[in-house]
Ligand code: F6R
C-alpha cells in the first residue's frame with residue numbers, strides 16, 4: 001500500500017459516522033466534486049450525510065456528484081439504475097440540483113460514444129476531489145472487472161458472472177441483471193485527488209486483503225489504488241479479517 005494510505009477498521013454500527021467524518025474532512029469547502037459509488041456498502045455513509053444535512057450541520061447543496069458507473073440498458077427513470085440511486089440516496093437528501101449530478105446515460109444510443117463523452121465531462125468539471133469507492137468480491141473497482149487494464153479510461157465493459165450473481169440481490173432474478181455497463185476506468189478513478197475505499201462484510205475480506213497487500217495486478221483491479229497517493233480505507237471488522245497485521249496496526253496508530 002502507498003505509504004500515505006490510511007486504513008481504518010471500525011465496528012459496523014460506527015461505519016457511517018466514520019466514513020462521513022473522513023469524506024467531509026477531505027472535501028474542499030467550495031463547490032466540492034464528490035465521486036459516488038453505488039451499491040450496498042456506502043448506504044450508511046449516505047444516510048449519515050443525509051442526517052447531518054437535515055440537522056443543518058452540513059451544507060453540500062453546491063456539490064457536484066459524479067457517478068462511477070451505470071448499467072447499459074437502464075435509464076434514469078428505472079429505479080434499479082445507478083442514476084436513480086444517486087438521485088434518491090444522495091442528491092435529493094443533500095439538496096443537490098439534478099444539473100449538478102453526472103451519471104453515464106445507460107440508454108445512450110451509442111454507449112461507446114457516451115463513455116468517451118463521460119470521461120470528457122469529468123475533465124471539463126475539473127476532476128473529482130474525493131472519490132468514494134466500493135470493492136467487488138472479485139476485486140473489481142467500479143465495474144473494472146479482473147483483467148481490466150490499469151491505464152483504462154471510461155468505457156463499456158461486460159460484467160463478470162460473479163458480479164452479475166453478486167448484484168442479483170437488487171433485481172427480481174439474476175437473468176434481469178444487465179450484461180454490460182459504462183464504467184470509469186482505473187486511470188480515471190486514480191485521477192481523483194483523494195479516494196475513500198469502503199468495504200463491509202466477510203465476503204469482501206479476501207478481495208480487500210488482495211487489493212491492499214497483494215501485488216498490483218490487473219487480476220485485482222482495486223490493487224491499482226496502491227499507486228494512488230491519497231487513499232483512505234474504511235473497513236468493518238468482518239471485511240478486515242484477512243488484512244495483514246501491519247496494515248491494521250498502522251491504522252490504529254495513525255487514526
Ligand atoms: C458501484 C460500483 C461497484 C460496487 C461494488 C460493491 O457503483 O462501482 O464497484 O462498489 O460492486 O458493491 P456493494 O457495495 O453492493 O457490495
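Laboratory data are not the source of any read-out in this text; all were calculated from the coordinates shown. A quick note: this is a predicted structure, and the numbers were derived from the prediction, not measured. When we count neighbours, we look across all protein chains shown, and the Cβ atoms used for this are built from the backbone with ideal geometry, even at glycine.
D for the stretch 130-207, whole µm²/s, Stokes-Einstein with Kirkwood Rh over alpha-carbon pairs at 25 °C and 0.890 mPa s: what number?
Approximately 186 µm²/s, per Stokes-Einstein.
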per DSSP, antiparallel bridges as share of beta bridges in the chain, % nearest 5, sits at 30 percent
Against the globular-protein guess of 2.2 N^0.38 Å, express the Cα radius of gyration of the stretch 55-113 as a ratio, rounded to two decimals.
-> 1.21
Full-extension gain in nm, residue 80 to residue 121, via 0.36 nm per residue minus C-alpha separation = 12.4 nm
Please find, in a Gaussian network model of the chain (springs between Cα atoms separated by less than 10 Å), the residue of 136, 106, 214 whose mean-square fluctuation is greatest.
-> 214
The chain - convex hull of alpha carbons, volume per residue in Å³ = 115 Å³
Cα centroid distance between the stretch 1-57 and the stretch 93-115, in Å?
-> 22 Å
Quote to one decimal, in nm, the extra length available between residue 180 and residue 150 on full extension: 0.36 nm per residue of separation minus the C-alpha distance between them.
-> 8.9 nm
Per the Debye formula with a single identical scatterer at each Cα and no solvent contribution, what log10 I(q)/I(0) holds for the stretch 67-216 at q = 0.08, 0.14, 0.16, 0.18 Å⁻¹?
-> -0.21, -0.69, -0.93, -1.20
Residue 113-residue 168 pseudo-label distance in nm [points 7 Å out on the Cα-to-Cβ vector] = 3.6 nm
Residue of 211, 63, 113 that the Gaussian network model of the chain assigns the largest fluctuation, springs spanning Cα pairs under 10 Å = 113
Using only the alpha-carbon atoms of the stretch 1-61, report the extent along each of the three principal axes, biggest first, to the nearest angstrom.
-> 35, 27, 20
Considering only 187, 199, 240, give the residue with the highest GNM mean-square fluctuation for the chain, with springs between Cα atoms whenever their separation is below 10 Å.
-> 187
Cα pair distances exceeding 17 angstrom across the stretch 24-87, given as percent = 47 percent
How much mean residue ellipticity at 222 nm does the chain get from its helices, if each DSSP H run of length 4 or more adds -39500 (n - 2.57) and you divide by all residues, to the nearest 500 deg cm²/dmol?
-> -8500 deg cm²/dmol
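Can you list the equivalent-ellipsoid semi-axes of the stretch 146-255, largest first and in whole Å, using the square root of 5 times each Cα gyration tensor eigenvalue? Show your work: numbers first, answer last.
Working: eigenvalues 132, 70, 27 Å².
Its equivalent ellipsoid spans semi-axes of 26, 19, 12 Å.
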